[in-house]
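Everything on this sheet refers to the single structure shown next.
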Amino acid sequence: MGESAYSATDYSAPAMMEGIAQVVAVEGDMVWLVPEQGSSCGSCASASACGSRGIGTTASRLDKRRFRIDNGANLAVGERVVFGIRENVLLKASITAYAIPLTTMLLAGALAQWKYGSDPVTMAATVAGLAIGLGISRVLAGRLQTRGDLAPLFLRRARPGETCNS
């Protein structure tokens, strides 16, 4: 009966997707990070399509994956850090990038087919719907970027030997 119900988990905070990155450059109050490739990346079913492997030199591929964060923790080149992105932000970004263009494309095509019943008109409306959806997505992504929702957050310095899976 004397068991404690205390838990250190804060369920009110949004869940975070975490990753480990290495500091590759310091520019004023910002640091540039390159995410480390997880040990499971090479055996993943989509490894050839995710950008972690592919055509080009390793340096050019890593350079494309660089991102920056505020250097409030006074990080130095070579340090390993744990960064996080809120799961709800990933959901918003996915909806913005995929669901909105796809939905507008399908709706425009379906409405054109229903109203005109002509394949050329339906195809044109589908392309127009996709273009409109991509435009809407671009505006919404800009708003997410401006608010800082898409920026990764520094969580802590990585412990020696720490990986994404540990």
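Observations, loosely collected:
- Label sites at Leu134 and Leu155, each approximated as a point 7 angstrom past Cα along Cα to Cβ, lie 3.5 nm apart.
- Compactness of region 87-148 was expressed as the Cα radius of gyration divided by 2.2 N^0.38 Å, which yields 1.31.
Where a number appears in this text, it was derived from the coordinates with a stated rule and is not lab data. This structure is a prediction, so every number in the text was calculated from the model and none was measured. Neighbour counts run over all protein chains shown; Cβ positions are idealised from the backbone, glycine included.
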